[in-house]
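Worksheet for the structure shown next.
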Amino acid sequence: MIRALDLTKRFENTNAVDHLTLTVEPGEILGFLGPNGAGKSTTVKMLTGMLQPTQGTAEIAGFDILKHPMEVKKRIGYIPESGAMYDSLTPAEYLDFVASLYHLDPKLAESRFNDLLDIFGILHVKDQRLTELSKGMKQKVLISSAFIHRPDVIFLDEPLNGLDANAAMVVKELLKKLAAQGKTIFFCSHILEVVERICTRIVIVDRGQQIIAGTAQSICEDTDSSSLEDAFSRITGVRDVGDLSDDLLAALERV
């Protein structure tokens, strides 16, 4: 599970994350939403040990992120928004390298990554250099690397970027089944329809602070909104999209 208490990250005079407290239980898929600059990626980086909090702390699967960072890393899978990969490696070499970091048996690792690449329909390119693959294929390899050690807690930051419709459906169904097995899933995305469909609970943040939390239905009811998209716009103070689009068109038509 994930527990964050008073989690804060300050950059100079700005709190990117401002006294955030939340819990994500085993079996939950938490949708973590917010506009650009709301602190979503900073929160994920703190929870995964890539950034140290200015204040507060958190536990992942029972281990304190500051006191036991290696134990935390053993138990998490992470799909970043834009993951850097070793393009000179092949998918097989890259996944074998990731598996070795988790001390997986080489034969077990090979079996797992072959299964994952086959599920994503890219087993036939496992021996090509990553630099030769499309963005979507690289994303499939990156997703496979996050699942290969069967982590208890999975962090996903815009995981569907670059994926075709079929691969995106596979990922969504996989997340549901992992949650059913008791895995804890922390899902960041700007695709609100996906969040509304697969997440069991949603937290919306803005300017580093939690604004509202609940199911998609309860958030819509609390904000008198017809959809999560409408609720998100109201909560984060976005101007009416119709008026905004009219203004944009008018600006483009000016001579």
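Some points to look at:
- Among residues of segment 133-156, those that are of a type outside the set (Ser, Thr, Tyr) and closer than 12 Å to Gly77 by Cβ, counted: 13
- Unique match (being within 24 Å of Tyr102 (Cβ to Cβ), of a type outside the set (A, V, I, L, M, F, W, C) and either assigned to a strand (DSSP E or B) or touching a residue at least 12 places away in the same chain (Cβ under 8 Å) (or both)) among Gly49, Gly31: Gly49
- Extreme residue, farthest from Val205 (Cα to Cα), among residues of segment 1-55 that are surrounded by fewer than 19 Cβ atoms within 10 Å (Cβ to Cβ) and small (Gly, Ala, Ser): Gly27
- Residue in segment 89-101 that is free of Cβ contacts under 8 Å to residues at least 24 places away in the same chain and outside any helix (DSSP H, G or I) present: no
- From the list Glu59, Glu71, the lone residue that is under 21 Å from the mean Cα position of the chain (by Cα), outside any helix (DSSP H, G or I) and over 26 Å from Glu132 (Cβ atoms) is Glu59.
- For segment 172-196, a tally of residues being β-branched (Val, Ile, Thr) and closer than 19 Å to Thr23 by Cβ returns 3.
- Note on segment 180-200: residues that are under 18 Å from Gln217 (Cβ atoms), surrounded by 21 or more Cβ atoms within 10 Å (Cβ to Cβ) and of a type in the set (A, V, I, L, M) total 1.
- Residue, farthest from Pro26 (Cα to Cα), within segment 134-169, restricted to residues that are among the basic types (Lys, Arg) and crowded, with 16+ Cβ neighbours inside 10 Å: Lys138
- Residue check for Val203: crowded, with 19+ Cβ neighbours inside 10 Å, of a type outside the set (D, E, K, R) and modelled with pLDDT of 95 or more: yes
- Output for segment 118-153, where each listed residue is over 20 Å from the mean Cα position of the chain (by Cα) and of a type in the set (A, V, I, L, M, F, W, C): Ile119, Ile122, Leu123, Val125, Leu130, Leu133
- Among (1) surrounded by fewer than 15 Cβ atoms within 10 Å (Cβ to Cβ); (2) assigned by TED's automatic domain parsing to the domain that holds Met46 - the single one Lys172 does not satisfy: (1)
- Residue within segment 98-109 that is surrounded by fewer than 19 Cβ atoms within 10 Å (Cβ to Cβ), in the same structural domain as Thr21 (by TED's automatic domain parsing) and among the aliphatic types (A, V, I, L, M) present: no
- Scanning segment 76-95 for residues that are modelled with pLDDT of 95 or more and either farther than 24 Å from Ala168 by Cα or of a type in the set (Asp, Glu) (or both) yields Leu89, Glu93.
- Positions within segment 168-207 being under 17 Å from the mean Cα position of the chain (by Cα) and part of a loop (DSSP other than H, G, I, E, B), in sequence order: Lys183, Ser189, His190, Ile191, Cys199, Thr200
The values are calculated or read from the model by the stated rules, or taken from the named source; none is laboratory data. As the structure is a computational prediction, the values presented were derived from the model and not from experiment. Every residue, glycine among them, receives a Cβ derived from its backbone with ideal geometry; neighbour counts consider all protein chains shown.
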